[in-house]
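See structure below.
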Amino acid sequence: MKILMVCLGNICRSPMAQGIMEALIREKGLDWVVDSAGTNGFHDGETPDPRAIRESMTRGISIKNQISRKIKLHDFEYFDLILTMDLSNRNHCLSLVSDPKLKDKIQLIMDYALDTNFSFVPDPYYDNRFDLAFELIEKACHGVIDKFNKS
């Protein structure tokens, strides 16, 4: 299974999602690939937001070595699942491809989260709620593992 996590700038939510999923994959001993990207290139080549790094570190996950990048057309072919953090990210990704098979890969990460009223992961860049974003993403990542782990 190859999963791409997508948010707006690839410096807050999707790097945390990549880090969380990588930790879960290691814990479960799965042979999965995870990466992250943004729908815009404003932060290409940058490391994650220091607040995202700090929040992840407090929970035992290091994302400090990730590098931001913009989503590319070949990502839609390469990855099995493209998980977006909100409707804007999802709609942007959907606008980039016309093949229905590729469109089917693009989903909201929160569709996999149980026991929550959140349908998307709010962007913590402006409201500083990195704790909430982390918790929501973590729930969703557990749901993804539960759904797709065949072992």
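Rule-based calculations on the coordinates, nothing more; no lab input. All values reported here derive from a predicted model rather than from experimental measurement. Using ideal geometry, Cβ is built from the backbone for each residue, glycine included, and neighbour counts are taken over all protein chains shown.
Structural remarks
- When PHE120 is tested against (1) touching a helix residue (DSSP H, G or I) at 6+ places or on another chain (Cβ under 9 Å); (2) over 20 Å from ASN10 (Cα atoms); (3) outside any helix (DSSP H, G or I), just one condition goes unmet, and that condition is (2).
- Filter pass, ASP35 being in a strand (DSSP E or B), of a type in the set (D, E, K, R) and free of Cβ contacts under 8 Å to residues at least 60 places away in the same chain: yes
- Against the test of being farther than 13 Å from MET21 by Cβ and touching a Phe, Trp or Tyr at 6+ places or on another chain (Cβ under 7 Å), the options ARG51, ARG69, ARG129 yield a single qualifying residue, ARG51.
- Listed conditions (1) of a type in the set (Gly, Ala, Ser); (2) without any contact (Cβ under 8 Å) to a residue 24 or more places away in the chain; (3) within 14 Å of ALA140 (Cβ to Cβ) are all met by ALA113, apart from (2).
- Meets criteria (part of a loop (DSSP other than H, G, I, E, B) and without any contact (Cβ under 8 Å) to a residue 60 or more places away in the chain) for PHE42: yes
- The residues on offer are LEU114, LEU94, LEU87, LEU102, and the sole one that is in contact with a strand residue (DSSP E or B) (Cβ under 6 Å, 6 or more places away or on another chain) and farther than 20 Å from ALA52 by Cβ is LEU94.
- Segment 73-86, subset surrounded by 12 or more Cβ atoms within 10 Å (Cβ to Cβ) and free of Cβ contacts under 8 Å to residues at least 60 places away in the same chain, residue farthest from the chain's Cα centre (by Cα): GLU77
- Enumeration of residues in segment 123-151 that are surrounded by 15 or more Cβ atoms within 10 Å (Cβ to Cβ), free of Cβ contacts under 8 Å to residues at least 40 places away in the same chain and assigned to a helix (DSSP H, G or I): LEU132, GLU135, LEU136, LYS139, GLY143
- The number of residues in segment 98-110 that are more than 12 Å from the chain's Cα centre (by Cα) and either within 24 Å of PHE42 (Cβ to Cβ) or in contact (Cβ under 8 Å) with a residue 24 or more places away in the chain (or both) comes to 2.
- Among the residues of segment 8-56, those that are β-branched (Val, Ile, Thr) and buried (at least 16 other Cβ atoms within 10 Å of the Cβ) comprise ILE11, ILE20, ILE25, VAL34, THR39, THR47, ILE53.
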